[in-house]
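Input: a single structure, listed below in structure tokens.
Read-outs: derived from the displayed coordinates by stated rules, not from any lab. Worth saying up front: this structure is predicted, and the values here are computed from it rather than measured. Neighbour counts are summed over all protein chains in view; Cβ atoms, including those assigned to glycine, are modelled from backbone coordinates with ideal geometry.
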Amino acid sequence: MTEHAEVEIIRTFDPVTLPSSATVMMAARHMRSRHVSAVLITEGDAKLVGIFTERDASRVLAEGMDPTATTLAAVMTDNPETVSPQDTAEEIVRVMRDAQCRHLPILQEGKVVGIVSRGKFRDTGGPAA
């Protein structure tokens with residue numbers, strides 16, 4: 001029997017944003033102070049250029065890179081998948097599953113307006129959709 005799981009979707013409309021020239025250490029400090037696990041990398045007027053997550057920070061350390069000297073441009077995911085404020089939770093989960101990610105920037109008219117993050121899965125005991 002296949003179990004049905006729901007995913008908790010958390011939309012944040014005040015995401016942490018940094019320029020690609022910021023260091024991994026700066027990003028980690030912002031992430032810790034704001035209790036988030038991803039930073040959106042923007043240039044100019046909120047134009048998205050990438051995303052940096054806690055998994056990227058872990059990789060930086062595991063590979064022996066210096067977080068005070070390594071820029072986000074060197075380790076971020078370029079041009080990540082995005083969603084719009086009008087997308088449904090079902091659509092967002094599908095994009096996350098297809099892209100194998102836990103965070104998606106929310107764009108409106110080409111500008112960052114938020115981020116959606118996948119929380120924990122919980123078993124509802126029902127059949128899969």
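Against the list (1) farther than 19 Å from I10 by Cβ; (2) touching a strand residue (DSSP E or B) at 6+ places or on another chain (Cβ under 8 Å); (3) surrounded by 16 or more Cβ atoms within 10 Å (Cβ to Cβ), the condition L104 fails is (1). Count of the stretch 29-59 residues, restricted to those that are among the β-branched types (V, I, T) and over 17 Å from the mean Cα position of the chain (by Cα), is 0.
Could you tell me whether the stretch 54-63 includes any residue that is touching a strand residue (DSSP E or B) at 6+ places or on another chain (Cβ under 9 Å) and buried (at least 16 other Cβ atoms within 10 Å of the Cβ)? Looking through the stretch 54-63, at least one residue is touching a strand residue (DSSP E or B) at 6+ places or on another chain (Cβ under 9 Å) and buried (at least 16 other Cβ atoms within 10 Å of the Cβ). Summed over the stretch 60-87, residues that are more than 21 Å from M31 (Cα to Cα) and within 17 Å of the chain's Cα centre (by Cα) total 4. Within the stretch 26-36, not a single residue is touching a residue at least 40 places away in the same chain (Cβ under 8 Å) and surrounded by fewer than 16 Cβ atoms within 10 Å (Cβ to Cβ).
How many residues does the stretch 80-112 contain that are of a type in the set (A, V, I, L, M, F, W, C) and in contact with a His (Cβ under 9 Å, 6 or more places away or on another chain)? Working first, answer last.
Narrowing the stretch 80-112 to residues of a type in the set (A, V, I, L, M, F, W, C): 83, 89, 92-93, 95-96, 99, 101, 104, 106-107, 112.
Right, trim to in contact with a His (Cβ under 9 Å, 6 or more places away or on another chain) and you get 96.
Of the residues in the stretch 80-112, 1 are of a type in the set (A, V, I, L, M, F, W, C) and in contact with a His (Cβ under 9 Å, 6 or more places away or on another chain).
The set of residues in the stretch 78-92 being over 22 Å from D56 (Cβ atoms) and either surrounded by fewer than 16 Cβ atoms within 10 Å (Cβ to Cβ) or of a type in the set (F, W, Y) (or both) consists of S84, P85, Q86, T88, A89, E90, E91.
Of all residues in the stretch 79-117, those being among the acidic types (D, E) and farther than 22 Å from P19 by Cα number 4.
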